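**Student:** Below is a structure I'd like to ask you about.
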């Protein structure tokens, strides 16, 4: 059966009880909203296969949907989906169940004491649109950017080298979901500007320190992750294109990472 098709609202079957509409074309919304809801819905179904109907904002992620949710048999784009009420609502229980499902899927241990001597610091770089095939949707780096990103990376690299820690500066857009989940499950500290990639902190297994460089109105957007990680610190900036105060960030890291180790 063709896994990619486009239909109109009037052609929806009567049994189409899961229709996703107006879901923004962002990775974070799939991880936080779509996948937990799909997994919960599938667990309550009498059939092992689902037919999924989505608005065109979600359509570019169809390959990822099939990878994460192999129980989805077909995924169809509804052309005039604006006439359908939005009906995707998640909650913390769904998110925890999805987290467990994905960690088990990729055979990742959830024991925070495993490899306890490994200190891995991850910096999320603001990727470029050249890595995205979602040309019809603005990429995150066009809306937010760290002006002195190279200096941030140099400071964190030096900080890690002085302590013998492992350091990774990554563009998540270039990594498949398996590697992203494994990277975040092994991280003991994550530093990033506010963006979709921080939703991967739901896969934390080390009670990591998260340092989010954010600008209003994004405060507490990732609050569903707060109970999973060890500590979530926000450093506020006044603009979406930020210049990080490196001395202040190093002071914050020194203070809170030492507390994490001693906890």
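Every number here is computed from the coordinates shown, using simple stated rules; none is lab data. Values in this document were obtained by computation on a predicted structure and should not be read as measured data. Positions of Cβ are generated from backbone atoms using ideal geometry, with glycine treated the same way; all protein chains shown enter the neighbour counts.
**Student:** Name every residue in region 231-249 that is assigned to a strand (DSSP E or B) and surrounded by fewer than 12 Cβ atoms within 10 Å (Cβ to Cβ), in order of residue number.
**Tutor:** First, the residues of region 231-249 that are assigned to a strand (DSSP E or B): 231-236, 241-242.
Correct list: empty.
**Student:** So for region 213-225 (the condition being in contact with a strand residue (DSSP E or B) (Cβ under 8 Å, 6 or more places away or on another chain), within 18 Å of residue 187 (Cβ to Cβ) and in a strand (DSSP E or B)), does at least one residue qualify?
**Tutor:** yes
**Student:** Right, next: Give me the residue from region 154-204 that is under 20 Å from residue 117 (Cα atoms) and assigned to a loop (DSSP other than H, G, I, E, B) and, out of that set, nearest to the chain's Cα centre (by Cα).
**Tutor:** Per the criteria, the residue is 204.
**Student:** Output the number of residues of region 233-260 satisfying the condition of being under 22 Å from residue 204 (Cβ atoms) and free of Cβ contacts under 8 Å to residues at least 24 places away in the same chain.
**Tutor:** So the answer is 4.
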